[in-house]
1. What percent do you get for the relative contact order of segment 1-151 when only Cα pairs under 8 Å and 6+ apart count?
2. Which whole-number percent gives the relative contact order of segment 5-249, counting Cα pairs below 8 Å spaced six or more residues apart?
3. Classify segment 5-249 from the C-alpha gyration tensor, please: rounded if a/c falls under 1.5, else prolate or oblate depending on whether a/b exceeds b/c.
4. Please rank Trp74, Trp60, fewest neighbouring Cβ atoms within 10 Å first, as an exposure proxy.
5. Within a Cβ distance under 11 Å of Ile166, other residues only, what is the Lys/Arg minus Asp/Glu net charge?
6. If you add up the charges near Thr197, with Lys and Arg at +1 and Asp and Glu at -1, over every other residue whose beta carbon is less than 15 angstrom from its beta carbon, what do you get?
7. What does the extension gain come out to for Thr144 and His164, with contour length at 0.36 nm per residue minus their alpha carbon separation?
8. What residues have an amide H closer than 5 Å to that of Glu225, excluding those fewer than 5 places away on the same chain, when H is modeled at 1.01 Å from N in the peptide plane?
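None of the figures in this text is laboratory data; all of them are computed from the coordinates on show. Just so you know, these numbers come straight off a predicted model, no measurement behind them. FYI the Cβ positions are ideal-geometry reconstructions off the backbone, even for glycines, and counts take in every protein chain you see.
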Amino acid sequence: MTNNTIKIMTYNMHKGFGAGNISFNIHEMRDSITNEFPDLLFVQEILGKHTRKEKRHDTWPDQSQPEFIADGNWPYFSYSKHAKYLTGHHGNAIFSKFVLSDIKHVTLSKFPRSSRGILYSMVFPFGDSRPIHLMCVHFGMLKTNRNSQINNLIELLLSLNKEHGIILAGDFNDWRVEDTTQMEYALNFKEAYKNFTGDYAKTYPAMKPLLKNDRIYYKGVDLIEAKCLDSKIWKGLSDHLPLVATFSLI
C-alpha cells in the first residue's frame, strides 16, 4: 500500500471449514489472508459463535472468529450476525486498517437460519475528507430472493452521496450473471476482476471453480489490479476462492 492506494480482499470463509465441512482451517485461513496484506477485508459466512462445533475441534480459537481474524492484523472490524440458530450465529464482517464509522446492518431475508444481509460502513483513508462507502454482501441462492435483495441494495446505493467512492464486495450467488447486471447498468458500477481481465472470476467450488459467485464492485476509485487467488493452498481452505483488487484514490 502506498499513501494513495488501498488493497481490498473479499472471501467467503465457509465458517472456517473446507469443502464438505471436514477440515477446520481457520488458522491457515488467517495466515493466508494476512500474507496478502489487505487494507480492507470483506468476509462472508464467518462464525460469531457455535457452541456445538467448538467442542469438536481442539484447535478452535478462544476468541470468536471475527476477533481471531482481526487480532494483531486489523485494528478495526465490524461483524453482523445475519443467520441465527440455537447453537450460534454467523454473518458478514469488515476488517479495516482505517477507522470504521456509521456502521449499519441491513437484513435482506426473513428466514433466521439462512438470513442474508449487507454490512455497511464508511472509512476515511489517510485522513482524506472524502469517505469511501463499504458494503459487504451475501445474497441468497434462489433467484427470486436475489432479485428482491438486489432491489433493496440498489435503494441503499441510491441514497448515498454520489461524490463519494463506493466499494461493494461479497458473495452474490449470481453464478449466471443475470441478476447483478441491472445494478451495473443502472448505477454505472464496474466489477474489478471483469474490468481487469475481461470476465468475472470463477470462484466456486474452490477445488475446481466453475461458478462466478464472488465480486468486487467499485465506483469513484481507480482500479490498478485485480486477481483471483487460486493457488493450491487457497483451493484447500474454504469452498470459495478469494478475490483481491487494488485501487488508487481519485
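1. Details: 284 pairs, mean separation 27.2, N = 151.
Normalised by residue count, the contact order of segment 1-151 is 18 percent.
2. On the way: 564 pairs, mean separation 50.6, N = 245.
The value is 21 percent.
3. Values: a/c = 1.35, a/b = 1.29, b/c = 1.05.
Rounded.
4. Numbers: Trp74 22, Trp60 18.
Listed from fewest to most nearby Cβ atoms, that is Trp60, Trp74.
5. Working: positive: Lys162, Lys190, Lys219; negative: Glu163.
Combined, the nearby Lys, Arg, Asp and Glu give +2.
6. On the way: positive: Lys190, Lys194, Lys202, Lys212, Arg215, Lys227; negative: Glu191, Asp199, Asp214, Glu225, Asp230.
Net local charge, Thr197 excluded: +1.
7. Working: separation 20, 0.36 × 20 = 7.20 nm, distance 3.08 nm.
Computed gain between Thr144 and His164 is 4.1 nm.
8. Thr246
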